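Okay, structure first, notes after.
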Amino acid sequence: MLIKNFAIELQRMKRPTIIVGLQPGTTDTALSKPFKRNVPPDHLQTPAFTASHLLKVMQHLRPEDSGELFDFLGVKFAP
C-alpha cells in the first residue's frame, strides 16, 4: 500500500514520477543464504543477472505502471 499510495500522491501533486516495487527473485548473495538450500540451482540467479534484468524492467516502465509490483522479468503481480 505504501508504493500505491506514494504513486497516487505524486500523481496528484503533478510530479512526473513512476513508483513501483521490484521483486528480484532469489539472487545468490549473503542476504539469500538462509533460503538458497530450498532453491533449485537453475532458479538461483547471479547478482549481475538480477541487476541486468531489473534495469531492463525499469527501462520499459510507463507512467500507468506507477503503483504496481513487478518481478525481475517484468511480470506484474499482486501483493
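The values are calculated or read from the model by the stated rules, or taken from the named source; none is laboratory data. In this text the structure is predicted, and so the values were computed from the model without any measurement. Cβ atoms come from the backbone with ideal geometry, glycine included; neighbour counts cover every protein chain shown. Note: accessible area is taken over every heavy atom of the protein model, side chains too, but ligands, DNA and RNA are not part of it. Shrake-Rupley method; radii C 1.70, N 1.55, O 1.52, S 1.80 Å.
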Check your understanding: Out of segment 1-53, which trypsin sites (Lys or Arg not before Pro) are coil in DSSP terms and have no more than 13 other C-beta atoms within 10 Å?
Key -> Lys14, Arg37
Study note, to complete from the structure: CD proxy, 222 nm, the chain: helix-only mean residue ellipticity via -39,500 (n - 2.57) per DSSP H run with n ≥ 4, per residue, nearest 500, stands at -10000 deg cm²/dmol
**Study point:** Assigned charges on the beta-carbon of Lys, Arg, Asp, Glu; segment 33-79 dipole about Cα centre (debye)
**Key:** 280 debye
Check your understanding: Magnitude of the Cβ-charge dipole of the chain, K/R +1 and D/E -1, about the Cα centre, nearest 20 debye?
Key -> 180 debye
Revision key, fill the gap. Taking protein heavy atoms only, a 1.4 Å probe, and rounding to whole percent, the accessible area of the chain owed to carbon and sulfur comes out at 63 percent
Review point. What accessible area per residue comes out for the chain, rounded to a whole number of Å², with a 1.4 Å probe?
Key: 76 Å²
Practice item. Stick to Cα atoms and the Kirkwood definition of Rh, then tell me Rg/Rh for the chain. Key: 1.06
Exercise for review: Check cross-link reach from Lys56 to the lysines: straight Cα distance under 24 Å, and skip same-chain residues fewer than eight apart.
Suggested key: Lys4, Lys76
Review point. How far, in degrees from 0 to 90, does helix 2-12 lean away from the longest principal axis of the Cα atoms of the chain, to the nearest 10?
Key: 30 degrees
